[in-house]
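One structure is given below, encoded as structure tokens.
The values are calculated or read from the model by the stated rules, or taken from the named source; none is laboratory data. Everything numeric in this text was worked out from a predicted model, so none of it was measured. Glycine gets a Cβ as well: all are built from the backbone with ideal geometry, and neighbour counts include every protein chain shown. Calculation scope for accessible area: heavy atoms of the full protein, side chains included, ligands and nucleic acids excluded. Shrake-Rupley method; radii C 1.70, N 1.55, O 1.52, S 1.80 Å.
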Amino acid sequence: MWLLHPSLLLGALLLLGACSMPGNGQPADDEPAFRVLVFSRTAGYRHDSIPDGIAAIQELGAAHGFQVTATEDPAYFQPDSLAKFAVVVFLNTSGDVLDALQQEAFRAYIQNGGGFVGVHAASDTEYDWSWYGNLVGAYFKNHPHIQEAVVRVVDRTHPSTKELPEAWTRTDEWYNFRENPRTKGVQVLAVLDETTYEGGEMGEDHPISWYHLYDGGRAWYTAMGHTKESYAEPLFRQHLLGGILWAAGRTQ
């Protein structure tokens, strides 16, 4: 029987291990399909549902093969860092959260084909940056008290709405907007039926979720997602997942 010297045996084992690992040191089976940056910095109102939203997106990533990094550090908004992510999610951000250089890095990221997902208070963010306002599609104006309402799904071909009922009854904080996002050329996915709740100010056409191609990238927005309970709802989670997958270019 031939015996290998211990040092040769160790070398052989290390070589075998190296051959089974990709360049980044992770097993190939563990490679994510894509990476998502969840950004939840607030400079205004802070939603107590932010941790629930982060946890929900992380769980969706674990179930569907994408990796989630959650941060409130705007230092991520520089070219080399943003290039690692297929999608940037603004999760209940508020106020002025990026400086001028960070804004330019984010603009370049979108222009290079990046994906954006805005959740609820993402429309209550960066009021003095018109490019961002056009990316989101509309700025928040006000809202009535949290209550039940009926969401009318008007486009059930999109991955974020194809699993939803045409009349979706749920409880949330229902935003009114400063302008109708249709004026920005968005594709509306769902509207609020203002006859089913109190405090609507936009009339018969009250968009609540939409998407569009914008300045080289993809942008998807839902005004839902104020409450902690939202992130435990299977239908809302499916809505959010479809938006992320579309923004990442993983669906038609």
Q. Considering only the chain, what is the antiparallel percent among its DSSP beta bridges, to the nearest 5?
A. 50 percent
Q: Starting from the Cα-Cα distance between residue 83 and residue 71, subtract it from 0.36 nm times their residue separation and give me the gain in nm to one decimal.
A: 2.7 nm
Q) Scattering from the C-alpha atoms of the chain alone, worked out with Debye: what is log10 I(q)/I(0) at q = 0.13, 0.17 1/Å? A) -0.77, -1.29
Q) How far, in degrees from 0 to 90, does helix 6-19 lean away from the longest principal axis of the Cα atoms of the chain, to the nearest 10? A) 30 degrees
Q. Where a Cα-Cα gap under 25 Å defines reach, which lysines qualify for residue 141, not counting those fewer than 8 residues away within the same chain?
A. 184, 228
Q | Two-decimal log10 I(q)/I(0) for the range 151-198, as the Debye equation yields it once each C-alpha is a single scatterer, q = 0.18, 0.24 Å⁻¹ | A | -0.64, -1.04
Q | Relative contact order (%) - the chain, alpha-carbon pairs under 8 angstrom, separation at least six | A | 19 percent
Q) Do the sum for the chain: with -39,500 (n - 2.57) for every DSSP H run of n ≥ 4, divided by all residues, what is the mean residue ellipticity at 222 nm, to the nearest 500 deg cm²/dmol? A) -8000 deg cm²/dmol
Q. If you line up the long axis of helix 50-64 against the longest principal axis of the chain, both from Cα atoms, how many degrees apart are they, to the nearest 10?
A. 50 degrees
Q | the chain: most fluctuating residue of 149, 83, 63 per GNM, C-alpha cutoff 10 Å | A | 63
Q. Excluding residue 229 itself, what net charge comes from residues whose Cβ is under 15 Å from its Cβ, given Lys and Arg +1 and Asp and Glu -1?
A. -3
Q) How much accessible area per residue does the chain have, in Å², with a 1.4 Å probe? A) 47 Å²
Q: Could you name the aspartates and glutamates whose alpha carbon sits less than 17 Å from that of residue 162, not counting residues in the same chain fewer than 8 places away?
A: 233
Q | Gaussian network model of the chain, springs between alpha carbon atoms under 10 Å - residue of 169, 161, 93 with greatest fluctuation | A | 169
**Q.** Net length gained if the chain between residue 201 and residue 148 were fully extended (0.36 nm per residue, minus Cα distance)
**A.** 17.5 nm
Q) Which residue, 113, 65, 137, has the most motion in a Gaussian network model of the chain that connects Cα atoms within less than 10 Å? A) 65
**Q.** Binned Cα-Cα distance frequencies in the range 36-125 - 10 Å width, integer %
**A.** 18, 53, 28, 2
Q) So for the pair residue 111, residue 99, with labels modelled 7 Å out along Cα→Cβ, what separation do we get in nm? A) 2.1 nm
Q: For helix 234-247, report the angle its Cα long axis makes with the longest principal axis of the Cα atoms of the chain; keep it between 0 and 90° and round to the nearest 10°.
A: 70 degrees
Q. Label residue 64 and residue 127 with points 7 Å out from Cα along Cα→Cβ: what is the distance between them in nm?
A. 3.3 nm
Q) Of the accessible area of the chain, with the probe set at 1.4 angstrom, what percent is carbon plus sulfur? A) 53 percent
(Q) With an 8 Å Cα cut-off and a minimum separation of 6 or more residues, compute the relative contact order for the range 36-91 in percent. (A) 63 percent
(Q) Nothing charged except the Cβ atoms of Lys and Arg (+1) and of Asp and Glu (-1): what's the magnitude of the dipole of the chain about its Cα centre? Round to the nearest 20 debye. (A) 700 debye
